[in-house]
Amino acid sequence: MITIQNYINGQFLDSGSKKTLENINPSQGKVFSTIPDSDSTDVEQAIHAANNAFLDWSLLSFEKRFDYLLAIAHMIEARMDNFVQAESMDNGKPTWLAKQADIPRAISNLKFFAAAQMNFPSESHHTPGQGLNYTLRKPLGVVGCISPWNLPLYLFTWKIAPALAAGNTVVAKPSEVTPYTAYLLTKVCAEIGLPAGVLNVVHGLGSTVGASIVASPKVKAIAFTGGTSTGRYINGECAKTFKKVSLELGGKNPNIIFNDCNFDEMLATTIRSSFTNQGQICLCGSRIFVQKGIYEQFKNAFVSKVRELKVGDPRTEVNLGSIVSEVHMEKILNYIDLAKKEGGSILIGGNRLSIEGECKDGFFIQPTVIEGLSHLCQVNQEEIFGPVVTLIPFDTEEDAIEMANSTPYGLACTIWTDTIQRAHRVAEKIDSGIVWVNSWMVRDLRTPFGGMKESGVGREGGFEAMRFFTETKNVFIKY
Ligand code: NAD
């Protein structure tokens with residue numbers, strides 16, 4: 001049994017109450033570690049440590065901060081296998097995916113923001129005949145970073161890297177469902193000698209640890225990635241203490257496929273955009289709108305490709321591993337039931353899957369394709385966040401845009417067409433923070449990332465993140 005501990009002021013600690021929570025390997029349905037069930041006292045201790053560390057860290061030279069972040073990145077790189085196995089065991093995702101995407105991207109996040117802080121410009125504005133304005137960008141102080149379970153280390157570093165790079169000290173809370181790689185990262189921080197209190201990680205529940213970070217008047221900003229209802233709560237709480245807040249929330253992303261697309265490329269990418277990470281990526285396309293001219297062709301080809309997907313032990317050559325938890329598996333299965341009640345036909349999948357051997361108690365669901373639902377029904381309006389997609393035929397570009405924009409979400413959209421004018425036209429009219437044309441999940445870390453409507457508030461990525469984690473001060477000098 002692995003014992004995960006908090007990392008506060010450079011020390012590894014149990015929760016003050018000594019209470020723990022069980023952490024489950026979802027592909028085997030077995031407890032494999034415990035984590036501290038921390039409370040507000042532990043959070044206070046972490047905030048105190050971060051406060052004490054702030055002045056020195058904020059005044060450190062760019063080169064020194066660069067060196068620290070790079071040292072963390074390099075040590076994760078050196079321990080790639082260890083991190084990959086840990087991520088897969090904790091989350092249920094295939095090891096190849098953790099190796100191809102999660103851990104390399106966590107390393108890139110650290111490297112990218114180490115370099116970004118060195119290149120982050122400030123502005124000056126000449127006021128003719130009177131003088132000169134210049135803009136200072138100062139770190140905020142102690143900031144809170146709260147992250148979800150679907151891409152655990154990837155999203156944890158997406159928050160802490162820019163926060164630290166900008167000169168803030170951090171109190172972070174990884175998801176209690178997938179705390180393991182954040183714990184391994186704190187081990188790395190201790191080994192490379194990151195100054196005590198610069199990064200503090202407190203494990204435990206959102207309702208205790210997360211809520212205490214959010215409520216503290218000493219925490220100057222919250223960067224949160226997670227569900228829309230949690231984001232709504234956090235936004236309300238942050239208003240009470242006038243914190244800056246960045247929210248990256250849920251999605252119900254449209255994948256719009258026109259008759260004139262490159263069919264083979266679209267098909268292969270649509271399989272990925274539907275089912276990568278068991279459909280548990282906020283950017284997965286969950287509503288597939290297909291123009292009527294190729295609807296039947298697409299449906300047949302897509303279903304036969306889905307039939308070939310292997311689901312099973314994430315340590316083996318499978319396409320899909322397990323769902324992250326039993327609770328989440330039940331939620332997805334309930335949505336599949338609801339789809340039937342709402343008049344949908346299950347074209348393939350639709351059930352829990354049992355796997356032989358060590359994974360017999362794991363939480364697996366067949367990749368599922370549903371058709372025959374109205375775009376306005378509950379299943380097509382709410383986020384399922386699993387290996388479930390719906391197919392919806394459409395006639396015209398206008399119909400597709402109207403249906404795509406019909407949910408409260410606005411995170412990402414994919415458009416498949418070989419007509420350049422159409423690609424631009426549709427991209428302009430879709431209400432989402434990110435649009436991919438003839439591609440999916442191509443991420444350049446310099447680009448703004450975030451959602452419209454109930455998919456979020458603010459943008460992260462590149463200098464957007466650096467701006468979020470700093471406060472602007474304008475100075476005017478009279479001639
Ligand atoms: P969640 O909202 O349940 O939890 C996210 C984090 O918030 C966890 O660390 C949790 O412990 C914490 N938390 C829970 N309640 C809290 C509270 N009251 N106060 C403070 N913190 C609290 O989300 P999840 O189930 O872990 O993740 C899945 C969701 O995340 C999906 O909706 C998905 O779309 C979204 N997501 C969004 C993005 C994005 O970039 N927009 C990326 C990944 C995931």
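Against the conditions (1) near the ligand (Cβ under 7 Å from one of its atoms); (2) in a helix (DSSP H, G or I); (3) under 18 Å from the mean Cα position of the chain (by Cα), where does Arg232 fall short? Just the number, please.
Condition (1) is where Arg232 drops out.
Out of all the residues in segment 317-328, is one or more within 13 Å of the ligand (Cβ to nearest atom), touching a strand residue (DSSP E or B) at 6+ places or on another chain (Cβ under 6 Å), more than 30 Å from Gln421 (Cα to Cα) and in a helix (DSSP H, G or I)?
Checked against the condition, which is being within 13 Å of the ligand (Cβ to nearest atom), touching a strand residue (DSSP E or B) at 6+ places or on another chain (Cβ under 6 Å), more than 30 Å from Gln421 (Cα to Cα) and in a helix (DSSP H, G or I), segment 317-328 yields no hits at all.
Hey, does segment 162-169 have a residue that's assigned to a helix (DSSP H, G or I), more than 9 Å from the ligand (Cβ to nearest atom) and within 22 Å of Ser88 (Cα to Cα)?
No.
Could you list all residues from segment 241-265 that are out of contact with any helix residue (DSSP H, G or I) (no Cβ under 8 Å at 6 or more places or on another chain) and in a helix (DSSP H, G or I)?
Within segment 241-265, Asp264, Glu265 qualify.
Please tell me if Arg105 is among the charged types (D, E, K, R) and farther than 17 Å from Phe463 by Cβ.
Against the criterion (among the charged types (D, E, K, R) and farther than 17 Å from Phe463 by Cβ), Arg105 qualifies.
Among Ala223, Ala190, Ala215, Ala211, which is over 18 Å from the mean Cα position of the chain (by Cα) and either crowded, with 22+ Cβ neighbours inside 10 Å or away from the ligand (no atom under 16 Å from the Cβ) (or both)?
Ala190
For segment 444-465, how many residues are within 11 Å of the ligand (Cβ to nearest atom), farther than 17 Å from Ile234 by Cα and part of a loop (DSSP other than H, G, I, E, B)?
Matching residues across segment 444-465 total 1.
Can you say whether Ala53 is within 21 Å of Thr181 (Cα to Cα), hydrophobic (A, V, I, L, M, F, W, C), modelled with pLDDT of 95 or more and in a helix (DSSP H, G or I), as far as the supplied structure shows?
In short, no.
Out of Leu373, Leu347, report the one residue that is part of a loop (DSSP other than H, G, I, E, B) and touching an Asp or Glu at 6+ places or on another chain (Cβ under 7 Å).
One residue alone meets the criteria, Leu373.
Pick from Pro174, Pro148: which is near the ligand (Cβ under 10 Å from one of its atoms) and touching a Pro at 6+ places or on another chain (Cβ under 8 Å)?
Of Pro174, Pro148, the one residue that is near the ligand (Cβ under 10 Å from one of its atoms) and touching a Pro at 6+ places or on another chain (Cβ under 8 Å) is Pro174.
Going by the conditions given, is Thr157 at pLDDT 95 or above, part of a helix (DSSP H, G or I) and surrounded by fewer than 24 Cβ atoms within 10 Å (Cβ to Cβ)?
Here the answer is no, as Thr157 does not meet what is asked.
Looking at segment 361-377, which of its residues are over 23 Å from Leu320 (Cβ atoms) and touching a helix residue (DSSP H, G or I) at 6+ places or on another chain (Cβ under 6 Å)?
His375
Given the structure, is Gly343 buried (at least 20 other Cβ atoms within 10 Å of the Cβ), under 20 Å from Val369 (Cβ atoms) and not basic (Lys, Arg)?
Spelling it out, it is not the case that Gly343 is buried (at least 20 other Cβ atoms within 10 Å of the Cβ), under 20 Å from Val369 (Cβ atoms) and not basic (Lys, Arg).
The values are calculated or read from the model by the stated rules, or taken from the named source; none is laboratory data. None of these values were measured; they are calculated from a predicted model. Neighbour counts are summed over all protein chains in view; Cβ atoms, including those assigned to glycine, are modelled from backbone coordinates with ideal geometry.
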